[in-house]
Amino acid sequence: MKYPVKAANGHAGEYFFAYQVASVLKWPCRLIDIDIGIDAQVEVINDDRLSTGRFVAFQIKASSVEEPNCRYVTDEQLQYWQQLGLPVFVVLVELGKRKMFLHRVSFGAEYERTASGAVRIDFDRIKDIFTKDSERLIRDAAFEASSSVQQHLDLVRSGISRIQETIDAMVDFPDAHSLIEAMEMRHDLYEKLAQAEALATAMKFGEAQVHNVSAELEQVLDDLKSFMTQSFIVDHDDGTQAIQRFVDSRR
């Protein structure tokens with residue numbers, strides 16, 4: 001069975017990357033066998049040698065010869081990494097020189113594209129070279145991603161408070177329009193909650209908080225449903241039957 005040089009370089013690059021992370025940073029590195037657009041996950045360790053529970057993903061590009069300071073990926077790969085919710089680095093491994101360079105995938109930047117649509121990933125051979133100092137770069141990326149979980153949850157909590165305030169304000173004089181607006185808020189809140197859950201699952205961090213906020217959201221929506229039923233707001237339903245479906249879905 002033929003073993004292509006490209007496959008050999010790919011495997012060597014992955015093993016070299018894992019060795020560098022384990023020997024230089026002294027952090028756990030898990031190589032991923034299945035092709036999901038990510039080659040490795042690294043677990044971030046703090047200064048006391050304790051796990052932070054945060055992970056960073058890496059896509060490894062290796063070569064046995066020195067190449068230009070860039071690699072090309074597909075637009076589908078870039079979109080996947082940007083939507084993953086986990087910090088992603090593209091790694092350029094030069095097997096001959098036993099060096100590697102890190103490029104953090106940006107969520108907002110516009111990458112240069114070729115005429116065929118390939119996306120260019122540039123590496124600075126001075127700034128991007130992997131050393132012991134790369135520890136801070138990787139750790140900062142992981143903590144930024146985990147803070148995104150909290151940002152999404154804060155938005156959900158704010159929405160929960162607004163729904164509860166709407167209910168409280170309507171006790172004496174229910175207003176159909178305000179209650180329907182509160183009802184419609186749930187779509188956006190569910191989307192933000194799903195984003196927080198995806199991030200927390202990827203980061204292995206904050207999952208309990210996501211669960212608690214989810215329970216709070218369900219409770220306030222149940223309270224809203226009960227209030228709308230008791231106040232006969234369901235009678236204000238239009239031809240779409242949106243209110244009736246909301247009420248029925250929460251019984």
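Take every DSSP beta bridge whose two residues both sit in the chain, then give the antiparallel share in percent to the nearest 5. Before the final figure, lay out the partial values.
Numbers: 20 of 27 bridges.
If I count the DSSP bridges inside the chain, around 75 percent turn out antiparallel.
Using the Kyte-Doolittle scale, find the helices of the chain whose mean hydropathy is at least 1.0 and whose Cα atoms extend 30 Å or more along the helix's long axis, counting only whole DSSP H runs.
Details: long enough: 134-169 (53 Å, -0.30); 176-203 (41 Å, -0.02); 207-230 (35 Å, -0.36).
For the chain, where a helix must reach 30 Å along its axis and average at least 1.0, there are no hits.
For the chain, with only Lys/Arg (+1) and Asp/Glu (-1) charged at the beta-carbon, what is the dipole magnitude about the Cα centre, in debye rounded to 20?
Working: 28 positive and 40 negative charges, 350 e Å.
In debye, rounded to 20, the chain gives about 1680.
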| query | Of the accessible area of region 1-142, with the probe set at 1.4 angstrom, what percent is carbon plus sulfur? | reply | 52 percent
| request: Would you mind finding the longest exposed-site-free stretch of the chain, with exposed GluC sites (Glu not before Pro) meaning DSSP loop and at most 13 other Cβ atoms within 10 Å? | output: 113-251
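What value, in deg cm²/dmol to 500, does the helix sum -39500 (n - 2.57) over DSSP H runs of n ≥ 4 give at 222 nm once divided by the residues of the chain? Display every interim value, and only then the final one.
Details: 6 runs with 121 residues, N = 251.
Taking each H run of at least 4 residues, the total per residue is -16500 deg cm²/dmol.
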| request: Output the pairs from Lys6/Lys99; Lys26/Lys127; Lys26/Lys192; Lys2/Lys132; Lys99/Lys192 with a Cα-Cα distance over 29 Å in this structure; if there are none, say none. | output: Lys26/Lys192; Lys2/Lys132; Lys99/Lys192
| remark: Of the residues Val73, Pro87, Phe173, the Cα lying farthest along the dipole of the chain towards its positive end, which is defined by charges on the beta carbon of Lys, Arg, Asp and Glu, belongs to Val73
| remark: Averaged per residue, the 1.4 Å probe accessible area of region 1-71, protein heavy atoms only, in Å², is roughly 57 Å²
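What shape does region 16-86 take by its C-alpha gyration tensor, where a ≥ b ≥ c are the square roots of the eigenvalues and a/c under 1.5 counts as rounded, a/b above b/c as prolate, and the rest as oblate?
Details: a/c = 2.30, a/b = 1.38, b/c = 1.67.
Cα axes put region 16-86 in the oblate bin.
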| query | Along the Cα-to-Cβ line of Ala242, 7 Å from the Cα, sits a label point; which residues in region 164-184 have backbone N less than 12 Å from it? | reply | 177-184
| request: With all protein chains present, calculate the accessible area of Ser249 using a 1.4 Å probe and round the result to the nearest 10 Å². | output: 80 Å²
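Rounded to the nearest 0.05, what FRET efficiency do Thr114 and Gln150 have when you use their Cβ-Cβ distance and R0 = 51 Å?
Values: r = 38 Å, r/R0 = 0.75.
The computed FRET efficiency comes out at 0.85.
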| message | Classify the chain from the C-alpha gyration tensor, please: rounded if a/c falls under 1.5, else prolate or oblate depending on whether a/b exceeds b/c. | response | prolate
| task | Measure out, as a whole number of angstrom, how far apart the alpha-carbon centroids of region 133-180 and region 99-130 sit. | result | 33 Å
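Using unit Cβ charges (K, R positive; D, E negative) and no other charged atoms, how large, in debye to the nearest 20, is the dipole of region 22-130 about its Cα centre?
Working: 14 positive and 16 negative charges, 69 e Å.
For region 22-130, the charge dipole is close to 340 debye.
I'd like the trypsin sites (Lys or Arg not before Pro) in region 1-73 restricted to DSSP loop residues with at most 16 other Cβ atoms within 10 Å, sorted by number.
Values: sites: Lys2, Lys6, Lys26, Arg30, Arg49, Arg54, Lys61, Arg71; in loops: Lys2, Lys26, Arg49.
Those satisfying the criteria are Lys2, Lys26, Arg49.
The values are calculated or read from the model by the stated rules, or taken from the named source; none is laboratory data. Fair warning: this is a prediction, and the values are worked out from it, not measured in the lab. As a convention, Cβ positions derive from the backbone with ideal geometry for all residues, glycine included, and neighbour counts pool all protein chains shown. Remember, those area values only see protein heavy atoms, side chains included, never the ligands or the DNA or RNA. Shrake-Rupley method; radii C 1.70, N 1.55, O 1.52, S 1.80 Å.
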